[in-house]
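What follows is one structure encoded as structure tokens, with my remarks underneath.
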Amino acid sequence: MSHINPKVGELRPSQLLYTYGIGAIVDLPNLSVMVMGLEDWPADPGTSAEIVEDRLLAAVQWKLGHQVKKLLAPPVVADSSGPLNPFEPEQQTGVPVAAFPRWMLCPACRMLAPLDSGLFEFKTPNPFHPDQARYVHHNCTKSGKPPTAVPARFMTACENGHLDDFPWRDFTHKGPTYCTGVLTLSEYGPSGEARDLEVKCTCGARRRLADAFGESGKQTMPICRGRRPHLRDFEEGGCKQQVKAILLGASNSWFPVIMSTLALPGASNKLGLLVEANWATLKHAVEPVVITAFRASGNLKDFGEFSDDEIWTAVEAYRQAQEAGNGEEEGPFDLRTPEWDMLTQPAHAPQTDDFQLREVKVPPAYAALLDQVVLVYFTLAGLARLARYNVTAEELAGRQGKVRYYEGTPIPTSVVPLG
Ligand SMILES: [Zn+2]
Ligand SMILES: [Zn+2]
Ligand SMILES: [Zn+2]
């Protein structure tokens, strides 16, 4: 890689799930950044491992649509034994984030401008101190040393879930404008609240922020542009909702949708389990002769005791079961019933190296309360509680040359086998 991706902060995996998922805004010491969509995550499977979990993928597709092709684990790099070197290439990939909102304020001269204006410069003074990463107003007239810029505290959102920058120019000029004057944001009261802020343009236009809220906001705020900053695009066909002004850091600006599943083996016989485990290869077997070719090229070493015909039959059965499963799109997707069915019938459950069930006696004191106790042996990979990820930054031109975004560096996930 020719560019450096300086680190801007750290996130724990649980934060990535519950607080700062894709599309959420992370408040770093000197920066406000958004966690970007999977399109921006490192494509290298060694860094962002694909999570092969058919039931979970099907549930996500049921909820979001079939454009979801795969599930990815957060980017992880190999643990380095020596002291952390922030310049190593493997330390420079991770959870990608982008500065958002795109409008910044210089606290010294009160200038309000978008990052695309080129008036702010991204600085990472010390690669070992990611918390010092920030934007500065490098030609500030009010301060010799370039002051650290702060994100504009206002954004807009609509009821369809779009999030956008506050329309600073149009708002100041009370409608669509081509004015390119310099905007400043001044406080004239002690509270720092919207009612005490006024935005002014060098052309003379000025407006109080209070106009963006409440009843006057309902009359003055524009129709949503359908912006999806985490995907760096706008919704096709636009959006018909009127936007509402919201504050950066508002607790209602992002909510996660959480789905969880137990990784259960799907097949119940040895051949079926092997087909399932090797499906990435076997799905390409569209006729029996391909099985023979796979075996000849050494791809089916674990299948020694089975004939090509037996494997072909199992492949066809697995494919049909999958296709039948894909057709089930009626009603809410049920992730729990298959888990319940398997866990309550331990005698019929498949046994693998990673997963075993055994029925044990109900303790006498609980005999009146419990019908059944099942012991579950389960291998946990990547126990999330122990892993930490860093979010790091990189300056890059966006796809339309408009947006700069940032990439992250994870601290490696620990793998803890149990049972
Ligand atoms: Zn300034
Ligand atoms: Zn103006
Ligand atoms: Zn919208």
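Here are some notes:
- Any hit, region 223-230, residues being among the aliphatic types (A, V, I, L, M), over 34 Å from the mean Cα position of the chain (by Cα) and modelled with pLDDT of 90 or more: no
- Taken as a whole, the condition of being within 14 Å of ligand 3 (Cβ to nearest atom) and either under 17 Å from Gly161 (Cβ atoms) or open to solvent by less than 50 Å² (accessible area, probe 1.4 Å) (or both) applies to Arg228.
- Exactly one residue out of Thr184, Thr180 is surrounded by fewer than 20 Cβ atoms within 10 Å (Cβ to Cβ), over 27 Å from Glu10 (Cβ atoms), of a type in the set (Val, Ile, Thr) and touching a Leu at 6+ places or on another chain (Cβ under 7 Å): that is Thr184.
- Selected residue (criterion: nearest to Arg102 (Cα to Cα)) from residues of region 61-76 that are open to solvent by less than 30 Å² (accessible area, probe 1.4 Å) and in a loop (DSSP other than H, G, I, E, B): Pro75
- Residues that are within 31 Å of the chain's Cα centre (by Cα), away from ligand 2 (no atom under 16 Å from the Cβ) and farther than 17 Å from Trp103 by Cα do not occur anywhere in region 142-153.
- Complete set of residues in region 192-227 that are in a loop (DSSP other than H, G, I, E, B) and among the polar types (S, T, N, Q): Thr202
- Answer residue from region 151-160, given it is part of a loop (DSSP other than H, G, I, E, B), of a type outside the set (S, T, N, Q) and within 16 Å of ligand 3 (Cβ to nearest atom) and is surrounded by the fewest Cβ atoms within 10 Å (Cβ to Cβ) among those: Glu159
- With a requirement of 1 or more residues that are modelled with pLDDT under 80, the helices (runs of 4 or more DSSP H) lying completely within region 283-378 that satisfy it span 308-326, 336-343.
- Any hit, region 209-222, residues being within 24 Å of Asp116 (Cβ to Cβ), surrounded by fewer than 20 Cβ atoms within 10 Å (Cβ to Cβ) and within 16 Å of ligand 3 (Cβ to nearest atom): yes
- Subset of region 166-191 (residues that are free of Cβ contacts under 8 Å to residues at least 60 places away in the same chain and either in a strand (DSSP E or B) or within 11 Å of ligand 2 (Cβ to nearest atom) (or both)): Arg169, Asp170, Thr172, His173, Lys174, Thr177, Tyr178, Cys179, Thr180, Gly181, Glu187
- For the residues Ala58, Ala43, the requirement of being modelled with pLDDT of 80 or more, closer than 15 Å to Leu72 by Cα, among the hydrophobic types (A, V, I, L, M, F, W, C) and outside any strand (DSSP E or B) singles out Ala58.
- Scope region 176-209; condition closer than 29 Å to Arg232 by Cα, within 35 Å of the chain's Cα centre (by Cα) and small (Gly, Ala, Ser); matching residues: Ala194
- Flag if Phe128 is more than 16 Å from ligand 2 (Cβ to nearest atom) and buried (at least 21 other Cβ atoms within 10 Å of the Cβ): no
- The listed residue being away from ligand 2 (no atom under 12 Å from the Cβ), in contact (Cβ under 8 Å) with a residue 24 or more places away in the chain and surrounded by 12 or more Cβ atoms within 10 Å (Cβ to Cβ), out of Leu163, Leu197: Leu163
- Scanning region 106-121 for residues that are outside any helix (DSSP H, G or I) and either within 16 Å of ligand 2 (Cβ to nearest atom) or open to solvent by 20 Å² or more (accessible area, probe 1.4 Å) (or both) yields Pro107, Ala108, Cys109, Arg110, Met111, Leu112, Ala113, Pro114, Gly118, Leu119, Glu121.
The values are calculated or read from the model by the stated rules, or taken from the named source; none is laboratory data. These figures come from a predicted structure and were not determined experimentally. Cβ sites come from the backbone with ideal geometry, for glycine too, and all protein chains shown count toward neighbours. With ligands, DNA and RNA removed, areas are computed over all heavy atoms of the protein, side chains included. Shrake-Rupley method; radii C 1.70, N 1.55, O 1.52, S 1.80 Å.
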